[in-house]
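Heads up: the structure comes next, in structure tokens.
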Amino acid sequence: KYEKSFIIDKNTTISAVAIRDGKILTDIEQKELFVHKALGKATFLKNKPYHSYTANGGSTLVDMEYGGRTWASGKWIGVLNKDLEVEIDLEKEEKVSKVILSCINDNAAGIYFPQGIEVLVSNDGKLYDSVLTWERDLNEKQTINSSSMRRKFTLEFDPITCKYVKLKAHCLKLEDKGVFIFADEVIVL
């Protein structure tokens, strides 16, 4: 029973359900929380989010606060017809081997998962080396749906020491259609 604030100091999964008079009122909600190397660090966005979907700017992506089940919660960053590109200053050299990008997809609203994702690292914030690129299967069918789907894209690679991490989520190009990428968290492990 959660009756007061608590501290999260390691990766954990939290489960919650609403109960009144001993009766369960909701489905169990579970959140996997990562205490990670980019948590609360300075972020720089190359492309400005669409004016209605700015949340708290780049810091939204490293605040451990997920956007929820709907893209309209005000906790998602939405970039229209451009790549989502974020640079994170880890403040000191860290060993990094995994980057996770949390996105939402709702094709009926013009929100699509990225076409591809690239992770780059640097020690000086100027010269970056690409450590991993993921591309979506071009044969994957894009279906119009009326509900949102969330997904965490996990990119794992051999450990590398760096001070800066840059993530580029490439925007899907659809003829005669505006396409958003919505993200709520970038996790660096």
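The values are calculated or read from the model by the stated rules, or taken from the named source; none is laboratory data. Values in this document were obtained by computation on a predicted structure and should not be read as measured data. We place every Cβ from the backbone using ideal geometry, glycine too, and count neighbours over all the protein chains shown. Heads up: the accessible areas ignore ligands, DNA and RNA and are worked out on the full protein's heavy atoms, side chains in. Shrake-Rupley method; radii C 1.70, N 1.55, O 1.52, S 1.80 Å.
For region 8-112, averaging the sequence separation of C-alpha pairs within contact (under 8 Å, six or more residues apart) and dividing by the residue count gives a relative contact order of 23 percent. Normalising the average separation of contacting C-alpha pairs (under 8 angstrom, six or more residues apart) by the number of residues puts the relative contact order of the chain at 28 percent.
Rounded to the nearest Hz, the phi-derived 3J(HN,Hα) couplings of region 19-35 under the Karplus curve 6.51 cos²θ - 1.76 cosθ + 1.60 (θ = phi - 60°) are 10, 9, 6, x, 9, 6, 9, 9, 5, 5, 9, 10, 10, 8, 10, 10, 8, where x marks glycine and proline.
Taking all protein chains in place and a 1.4 Å probe, what share, in percent, of the accessible surface of the chain do carbon and sulfur account for?
Result for the chain: 47 percent of the exposed heavy-atom area is carbon or sulfur.
Site pair residue 18 and residue 123 shows an inter-label distance of 5.3 nm when each label is modelled 7 Å from Cα along Cα→Cβ.
With the Cα gyration tensor of the chain giving a ≥ b ≥ c as the square roots of its eigenvalues, does the rule (a/c under 1.5 for rounded; else a/b larger than b/c for prolate; else oblate) give rounded, prolate or oblate? Oblate. Once R0 is set to 22 Å, what does the formula 1/(1 + (r/R0)^6) return for the Cβ-Cβ distance between residue 149 and residue 63, expressed as a FRET efficiency to the nearest 0.05? Efficiency for this residue pair is about 0.50.
Under the 0.36 nm per residue contour assumption, what length would be gained going from the current alpha-carbon distance of residue 97 and residue 175 to full extension? Walk me through the numbers on the way to the answer.
Numbers: separation 78, 0.36 × 78 = 28.08 nm, distance 3.60 nm.
Additional length available on full extension: 24.5 nm.
Cβ-Cβ distance of residue 3 and residue 157, R₀ of 35 Å, FRET efficiency by 1/(1 + (r/R0)^6): the value works out to about 0.25. Computed over protein heavy atoms with a 1.4 Å probe, the accessible surface of region 13-172 works out to 55 Å² per residue.
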